[in-house]
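Student: Here's a structure for you.
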Amino acid sequence: GAAGLLQFMPSTGRQYGLQVVDGFDLRYDPVAATRANVRYLEQRFRELNDSLELALAAYNGGEGRLRGLARKLPGVSIWDPRFFYSLPDETRDYVPRILAAAWIFLHPERYNVAFPALPTETTMLTLSEPTSLVELTICLGQEQHDEGWFRVLRNLNPRLGPDESLERGREITLPAILVPAYERRCTAGPFLEIARKLRQSAPQKNANRPSSVTYVVRSGDTLGKIATRHRCATASQIAKLNNLRGPRYVVHKGQALRIPACS
């Protein structure tokens, strides 16, 4: 049930102000979700003795579990084997991974890492032709961005559905660097026609799509690693689909698992 950029569960989202307003789930609003995330972490710090490691573990493994462990093992470091191996496999991977990523981000020069300069300026664009975010993604293509623009357009316009019809004159938020490309490709010409034809010929959402795929466990796999690799399912979802028992959800090399397919 986790959703949005910061993967709030429905009940947790409501607790931090991410309700459904006029049919829109605020968990999908990047600004609202980020503010809720800050409030969530501040509360975890207050509960868990200002420990960043424990707050991260609570974010991934559940605050109730971490409060219980902190009471059971007061003053014990998360790296103590008694504490660390009481956490789910996914959380044991998650905490050091996030800490390492944050450390490299703060000290890139120590690791010969160079971050690209990203043009982040946005603008309000008045559409000169009816379209949708999907059609814009197609006609904009890989203009100045190898991975395309779908996620960016969704995050900048979180209240718009990807296939929602947007009439001429509607305003949307667009990266400023894309305005020339929009005017060149998305107002007339072959790219606009291709985008419209592809959208019209696309199958209905989830039509003939499998509900799961099969994955064969490899050496060194854990359920958390498998979930991270497939992106569209959490470890608990995979465990439930395969009747695996917690808390460790042990898997074995050669074991065939059903993985929920991306929706």
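Student: Has the range 42-51 got any residue that is at positive phi, out of contact with any Leu (no Cβ under 9 Å at 6 or more places or on another chain) and of a type in the set (S, T, N, Q)?
Tutor: Yes, because at least one residue in the range 42-51 is at positive phi, out of contact with any Leu (no Cβ under 9 Å at 6 or more places or on another chain) and of a type in the set (S, T, N, Q).
Student: Looking at Phe115, Phe8, Phe83, which is the one that is of a type in the set (Phe, Trp, Tyr) and more than 25 Å from Leu156 (Cβ to Cβ)? Quick ask: steps written out before the conclusion?
Tutor: Numbers: Phe115 fails: more than 25 Å from Leu156 (Cβ to Cβ); Phe8 fails: more than 25 Å from Leu156 (Cβ to Cβ).
When all the criteria are applied, what remains is Phe83.
Student: Follow-up question, since we're still on this one. Restricting to the range 15-31, name every residue that is of a type in the set (A, V, I, L, M) and either buried (at least 19 other Cβ atoms within 10 Å of the Cβ) or at positive phi (or both). Quick ask: steps written out before the conclusion?
Tutor: Of all residues in the range 15-31, those of a type in the set (A, V, I, L, M) come to 18, 20-21, 26, 31.
Answer for the range 15-31, where residues must be of a type in the set (A, V, I, L, M) and either buried (at least 19 other Cβ atoms within 10 Å of the Cβ) or at positive phi (or both): Leu18, Leu26.
Student: Here is a further query. Just name the residue that is farthest from Glu171 (Cα to Cα) out of those in the range 121-137 that are open to solvent by less than 20 Å² (accessible area, probe 1.4 Å) and under 23 Å from the mean Cα position of the chain (by Cα).
Tutor: So, considering only residues that are open to solvent by less than 20 Å² (accessible area, probe 1.4 Å) and under 23 Å from the mean Cα position of the chain (by Cα), the one farthest from Glu171 (Cα to Cα) is Glu135.
Student: Go through Asp22, Asp80, Asp29, Asp89 for me and flag whichever is over 22 Å from the mean Cα position of the chain (by Cα) and modelled with pLDDT under 95.
Tutor: Asp22
Student: Can you tell me which of Arg245, Arg218 is closer than 27 Å to Leu69 by Cβ and out of contact with any Ser or Thr (no Cβ under 7 Å at 6 or more places or on another chain)? First the steps, then the outcome.
Tutor: On the way: Arg218 fails: closer than 27 Å to Leu69 by Cβ.
Only one candidate qualifies: Arg245.
Student: Now, a different point. If you take just the helices (runs of 4 or more DSSP H) that sit entirely in the range 32-120, which of them hold at least 1 residues that are aliphatic (A, V, I, L, M) and open to solvent by less than 90 Å² (accessible area, probe 1.4 Å)? First the steps, then the outcome.
Tutor: Working: elements: 52-61, 63-72, 81-84, 89-106.
By residue number, 52-61, 63-72, 89-106.
Student: Search the range 80-101 for residues that are closer than 16 Å to Ala235 by Cα and without any contact (Cβ under 8 Å) to a residue 12 or more places away in the chain and pair each with any residue that is assigned to a loop (DSSP other than H, G, I, E, B) and not β-branched (Val, Ile, Thr) when their beta-carbon atoms are under 6 Å apart and the residues are at least 6 apart or on different chains.
Tutor: Between residues of the range 80-101 that are closer than 16 Å to Ala235 by Cα and without any contact (Cβ under 8 Å) to a residue 12 or more places away in the chain and residues that are assigned to a loop (DSSP other than H, G, I, E, B) and not β-branched (Val, Ile, Thr), there is no close pair.
Student: Another question, if that's okay. Filter the range 34-66 down to residues that are among the polar types (S, T, N, Q) and more than 21 Å from the chain's Cα centre (by Cα) and give me whichever is nearest to Pro96 (Cα to Cα).
Tutor: Ser51
Student: Can you work out which of the residues in the range 201-215 that are open to solvent by less than 80 Å² (accessible area, probe 1.4 Å) and assigned to a strand (DSSP E or B) is modelled with the highest pLDDT?
Tutor: Ranking the qualifying residues of the range 201-215, first place goes to Tyr215.
Student: Out of Arg151, Arg170, report the one residue that is under 23 Å from Leu18 (Cβ atoms) and either in contact with a Leu (Cβ under 6 Å, 6 or more places away or on another chain) or basic (Lys, Arg) (or both).
Tutor: That would be Arg151, the only listed residue that is under 23 Å from Leu18 (Cβ atoms) and either in contact with a Leu (Cβ under 6 Å, 6 or more places away or on another chain) or basic (Lys, Arg) (or both).
Student: When you check Val251 against the structure, is it surrounded by fewer than 11 Cβ atoms within 10 Å (Cβ to Cβ) and at pLDDT 85 or above, yes or no?
Tutor: On the way: surrounded by fewer than 11 Cβ atoms within 10 Å (Cβ to Cβ): no; at pLDDT 85 or above: yes.
Spelling it out, it is not the case that Val251 is surrounded by fewer than 11 Cβ atoms within 10 Å (Cβ to Cβ) and at pLDDT 85 or above.
Student: Now a separate question. Which pairs turn up if I take residues in the range 230-259 that are in a loop (DSSP other than H, G, I, E, B) and look for partners that are of a type in the set (Val, Ile, Thr) and open to solvent by 70 Å² or more (accessible area, probe 1.4 Å) with beta carbon separation below 8 Å, at least 6 apart in sequence or on another chain?
Tutor: Final answer for the pair search is Leu244/Val250; Gly254/Val216; Gln255/Val216.
Student: So, one more: Of all residues in the range 138-186, count the ones that are assigned to a loop (DSSP other than H, G, I, E, B), out of contact with any helix residue (DSSP H, G or I) (no Cβ under 8 Å at 6 or more places or on another chain), more than 22 Å from Phe24 (Cα to Cα) and open to solvent by 70 Å² or more (accessible area, probe 1.4 Å).
Tutor: Residues in the range 138-186 being assigned to a loop (DSSP other than H, G, I, E, B), out of contact with any helix residue (DSSP H, G or I) (no Cβ under 8 Å at 6 or more places or on another chain), more than 22 Å from Phe24 (Cα to Cα) and open to solvent by 70 Å² or more (accessible area, probe 1.4 Å): 4 in total.
The values are calculated or read from the model by the stated rules, or taken from the named source; none is laboratory data. No experiment lies behind these values; they were computed from the predicted model shown. Here Cβ is always computed from backbone atoms with ideal geometry, including for glycine, and neighbour counts include all displayed protein chains. SASA here: full protein model, heavy atoms, side chains in, ligands and nucleic acids out. Shrake-Rupley method; radii C 1.70, N 1.55, O 1.52, S 1.80 Å.
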